[in-house]
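Below is one structure, written out as structure tokens, with a few remarks after it.
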Amino acid sequence: QPDEVEVKAQAKKGFAVAEDGAYVAALVTELTPELVAEGQAREFVRRVQDLRKSAKLDVADRIELYVEASAGLKSAVEAHTDYITGETLAVALKFESPPPNASTSRDEFDGEKVSFGLVVKA
């Protein structure tokens, strides 16, 4: 009888499974280097946006962004430069020390270190 049997989905390694009634969903949970780099770029954008906010920039202000990062994060930023500049309204992204008049921040995430700064462009 149907009420005498219980069927459960069990995920294989690298998958996550959820079920609701007759529906089952499985997701691949393995992180590829490309996904890790994309996640790091998104986290970097969040931190730049936090710096924009703490520097009291207007939401429409264009900026120059200066970045000094450990190798892994630098690679992620280089691979996602278009995304980062689009999200942060950066007219330029430079891998060098920020000028003295820049708003700056130092941080660490995912085992990567970053120092960055921004300058409002007129």
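Mind checking which of Tyr23, Gly86, Ser70 is farthest towards the positive end of region 1-88's charge dipole, using Cβ charges of +1 (Lys, Arg) and -1 (Asp, Glu) about the Cα centre?
Farthest towards the positive pole: Ser70.
For region 1-96, what does the accessible surface come to per residue with a 1.4 Å probe? Please give it in Å².
Result: 70 Å² of accessible area for each residue.
Sketch the reach of a paramagnetic label on Arg47 as a point 7 Å from Cα along Cα-to-Cβ, and name the residues of region 83-103 whose backbone nitrogen lies under 16 Å away.
From region 83-103, the list is 84-85, 88, 94-98, 103.
Extent of the chain along each principal axis, from alpha carbon coordinates, in Å, largest to smallest?
If we take the Cα atoms of the chain, the spans are 76, 30, 21 Å.
What is the percent carbon and sulfur in the accessible area of region 22-66, measuring with a 1.4 Å probe over the protein chains and ignoring ligands?
Whole-percent figure for carbon plus sulfur exposure: 57.
Sequence gap at least 6, Cα distance under 8 Å: using those rules, report the relative contact order of the chain to the nearest whole percent.
The normalised contact order for the chain reaches 24 percent.
Report the full-extension gain for the segment Glu78 to Asn101: residue separation times 0.36 nm, less the Cα-Cα distance, to one decimal in nm.
Additional length available on full extension: 5.8 nm.
Which pairs in the list Lys74/Lys121; Lys12/Lys53; Lys12/Lys94 are over 32 Å apart, alpha-carbon to alpha-carbon?
Listed pairs above 32 Å: Lys12/Lys53; Lys12/Lys94.
The values are calculated or read from the model by the stated rules, or taken from the named source; none is laboratory data. Quick caveat: nothing in here was measured; it's all calculated off a predicted structure. With ideal geometry, Cβ positions are generated from the backbone for all residues, glycine too; neighbour counts draw on all protein chains shown. SASA here: full protein model, heavy atoms, side chains in, ligands and nucleic acids out. Shrake-Rupley method; radii C 1.70, N 1.55, O 1.52, S 1.80 Å.
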